[in-house]
Structure formats: structure tokens, C-alpha cells
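Only one structure is covered here, and it is reproduced in the block below.
The values are calculated or read from the model by the stated rules, or taken from the named source; none is laboratory data. If you're wondering where the values come from, they're calculated on a predicted model, not measured in any experiment. Don't worry about glycine lacking a Cβ; one is built from the backbone with ideal geometry, like all the others, and counts go over all protein chains shown. Protein only, heavy atoms only, side chains kept; ligands, DNA and RNA dropped before computing areas. Shrake-Rupley method; radii C 1.70, N 1.55, O 1.52, S 1.80 Å.
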Amino acid sequence: MEFKDLWDLESAMKILTHETVDGKVWAEAVKWLILHGPVEIRQLLLDASSLATSTSFPGLKPSYYTSDGQPFYDIKDLAKSLDITEIDIRELLKQKESEFAGLHFVSDDSNETIH
């Protein structure tokens, strides 16, 4: 059974709003909603993610924004903010890119930025 078949909109939203749900299950529901949920919910989650990033890492600034307002970050800046190596960032991005295959997650390597 594929990942997308494990959830539906109703079950993912129930998990998202449950007060005592396990963090890993909550993250899986968010992932499903970002990949397969309605555009409005996807945008709310991406906006919340941007807010969380800017709050948790106030020194990390996007290099630029896509035409729809999504931020791109410099890999060197990300590595510094997360206190890990650029190699570790690239490995993490490869993993996330395969998980989120339906989304544009990584920009071209020539400008060393990610989305």
C-alpha cells in the first residue's frame, strides 16, 4: 500500500486537530496534507512552516522568493543555522526530495539554494 493510500482528508484533519496525538503521527498527517490535500490547506501549512522557520531561526533569511511567495534558502546559511555540515544538509534534502517527490523541493545546484 502506498503512502498516499494510508490517509484521506478526514483522517488527516482529525489527527492534525487532536490534542494528544503522537508527534510522528501528526507529522505524517501534515506530510500527507502537503502532498495530497486541498490547495488551501497546503498553503496554510506552508505558511505555518515559514512562520515557524522565521521564529525558530530569526537569523536565517531567504535568498529570494518564488513567484507564488515561497522562500528559497542558501544551503550555507541553512547549515550554519542548523549547526550541521553542508554535506549533511544535502543528504537530508535528498531524503526529503524523495519523500516529497510531488513538490518542487530543491532548486538547481548552481545557485546553492533550496526551497
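Miscellaneous remarks
- Every condition in (1) surrounded by 13 or more Cβ atoms within 10 Å (Cβ to Cβ); (2) outside any loop (DSSP other than H, G, I, E, B); (3) over 15 Å from the mean Cα position of the chain (by Cα) is met by GLU10 except one, and the failing one is (1).
- Residue within the stretch 61-69 that is open to solvent by less than 40 Å² (accessible area, probe 1.4 Å) and under 24 Å from GLU28 (Cβ atoms) present: no
- Test: ASP77 is open to solvent by 60 Å² or more (accessible area, probe 1.4 Å) and at pLDDT below 90: no
- Of all residues in the stretch 31-80, those satisfying the criterion of being aliphatic (A, V, I, L, M) and out of contact with any helix residue (DSSP H, G or I) (no Cβ under 8 Å at 6 or more places or on another chain) are VAL39, LEU44, ALA48, LEU51, ALA52.
- Residue within the stretch 35-44 that is exposed (fewer than 12 other Cβ atoms within 10 Å of the Cβ) and either in a helix (DSSP H, G or I) or touching a strand residue (DSSP E or B) at 6+ places or on another chain (Cβ under 6 Å) (or both) present: yes
- Among the residues of the stretch 44-65, those that are in contact (Cβ under 8 Å) with a residue 12 or more places away in the chain and over 20 Å from LEU33 (Cβ atoms) comprise PHE57, GLY59, LEU60, LYS61, SER63, TYR64.
- Answer residue from the stretch 19-29, given it is assigned to a loop (DSSP other than H, G, I, E, B) and open to solvent by less than 100 Å² (accessible area, probe 1.4 Å) and is nearest to GLU99 (Cα to Cα) among those: ASP22
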